[in-house]
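I have placed the structure first, in the form of structure tokens, so that the comments after it can refer back to it.
Nothing in this text is a laboratory measurement; each read-out follows from the coordinates by a stated rule. Predicted, not measured: the structure shown is a model, and the values here were computed from it. We place every Cβ from the backbone using ideal geometry, glycine too, and count neighbours over all the protein chains shown.
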Amino acid sequence: MDADIIVIGASPAGLMAARNACEKGPSVLLLEKKEEIGHPPHPANSFFKGMLDKCGEKADPSYVLHYLKGMKIISPSGRTVEVETPGYAIDKTAFDRFYAKKIIKTGVDLRKGVTVQNIQKEGEKFTVSTSAGSFTSKLIIISDGINSKLASLLGLKTMKHPEDIAWGIELDVRSPGLGKSKMFEYYVGNHAPGWKTTYAPRGGDNAAVGAYVRRCGTDVMPYLNAWVENFKKLKGLEELEVVRKLSGGDPIVTIPNEYITDGIMVVGGAAGQSGIGYAMRAGQICGDVASDAVRKGDVSKSALLEYRKTWEKEFKIEHYIGRIGLETLRKMTDREIDEMAKVFEKQDLSFIHGSSVEQAMQVFAFMLKKKPSAILKCRAFLRNK
Ligand SMILES: Cc1cc2nc3c(=O)[nH]c(=O)nc-3n(C[C@H](O)[C@H](O)[C@H](O)COP(=O)(O)OP(=O)(O)OC[C@H]3O[C@@H](n4cnc5c(N)ncnc54)[C@H](O)[C@@H]3O)c2cc1C
């Protein structure tokens, strides 16, 4: 065998899976198709501290461009709900390189410029065919992102609701002082069906603006163009210099489905586990289970199911609550969204804490106390839209 475990894709999920697997002893080969780690970058400009804490990781100044205090959620008529939650605007290329350097130190054999084309199994051995020849291993971790071809080649339907992938475009923009704000801004409503438009301050003159939609096809440009014009008006800008455009799919509420089979584990966007923080934590769980399985000499599906069990324990309910929330938002009218925002506007929401279930209960109790009729707006979830 060339390695005990082959990881495909140096994504946030793949980097963590490779690191955790290798730390416990097995030999790990990580294959990445890009010639340079993190370049060109996969879109993602920020994440929040809470999720990084769950991964047991600390933000590193080498990739943090700007420190954020929290976020504003803004309704169609401009009602603003503020949530204090520290976050980071990041340089995604520097982020990927930071972790790539770290994992090489743990002993992972990282090969760049290697595109995986196929995976075949003969007896107990997997053969991975690539642009740089074939490699063999006992176990494969697929972390090749949202456009994963490899998982479907193996017959795995990794997402329950692939039709709900959010398609997004993110523009890096410049204007004097535009990046100085400490609050991320999410704008929700039917101008971005199913999800949001964004303003992400990135320090100094730099910011990012984005549009993300669900169930409206993959062409997000019309929504983004309208958002840029509206954003200029909102911020009183005559001109906005566009520095870079990144786009892609984000499997935000697609819910992971089949992501394990004999000798194979799928992780990160490829398995419907969206967002850098979630992908990293899933990668850690996957890497831990993979190394245990290899050391015990049993990489069967039933041995690998520990990955699913642990992931579900930590995230299943949160993902379902998130799905209900976003589906309700997609089906609500702008007026309903405004009425809902009115309940939370200018309120101190620092009481919301704990697990996702606890948070959902606290929000529910708050609405019940403040404006019970607002709860009825959630009936939108049942609409056939
Ligand atoms: C427009 C947009 C904006 C986003 N913004 C944010 C954000 O601000 N914050 C956030 O947390 N998340 C954001 N996301 C989601 C985030 O980008 C992903 O969830 C995150 O990158 C985790 O993805 P991943 O680990 O599955 O893999 P990816 O980051 O997609 O990486 C997959 C890796 O696999 C490699 N690869 C693919 N195929 C092969 C192959 N055949 N052989 C070898 N290597 C291969 C790729 O080159 C790549 O390096 C955004 C997504 C989009 C589309």
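In table form, for the structure just shown:
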{"read-out": "30 Å Cα-Cα threshold exceeded, pairs from Lys33/Lys138; Lys102/Lys160; Lys58/Lys369; Lys54/Lys235; Lys54/Lys377; Lys92/Lys342", "value": "Lys102/Lys160; Lys58/Lys369; Lys54/Lys235; Lys54/Lys377; Lys92/Lys342"}
{"read-out": "Ranking of Val108, Val343 by count of other Cβ atoms within 10 Å, fewest first", "value": "Val343, Val108"}
{"read-out": "Packing-based exposure ordering (other Cβ within 10 Å, fewest first) of Ile142, Ile337", "value": "Ile337, Ile142"}
{"read-out": "Estimated vicinal HN-Hα couplings, Hz - the stretch 51-65 in sequence order (Karplus 6.51, -1.76, 1.60; Gly, Pro = x)", "value": "6, 5, 4, 4, 7, x, 10, 10, 5, 10, x, 5, 10, 7, 8"}
{"read-out": "Assigned charges on the beta-carbon of Lys, Arg, Asp, Glu; the stretch 321-382 dipole about Cα centre (debye)", "value": "180"}
{"read-out": "Most positive-pole-ward Cα, Val289, Ile255, Leu154, against dipole of the chain from beta carbon charges", "value": "Ile255"}
{"read-out": "Size of electric dipole in the chain: Cβ of Lys, Arg +1 and of Asp, Glu -1, about Cα centre, debye, nearest 20", "value": "760"}
{"read-out": "Integer Hz, Karplus 6.51/-1.76/1.60 couplings in order for the stretch 165-178, x for Gly and Pro", "value": "4, 8, 9, x, 10, 10, 10, 7, 10, 9, 6, x, x, 5"}
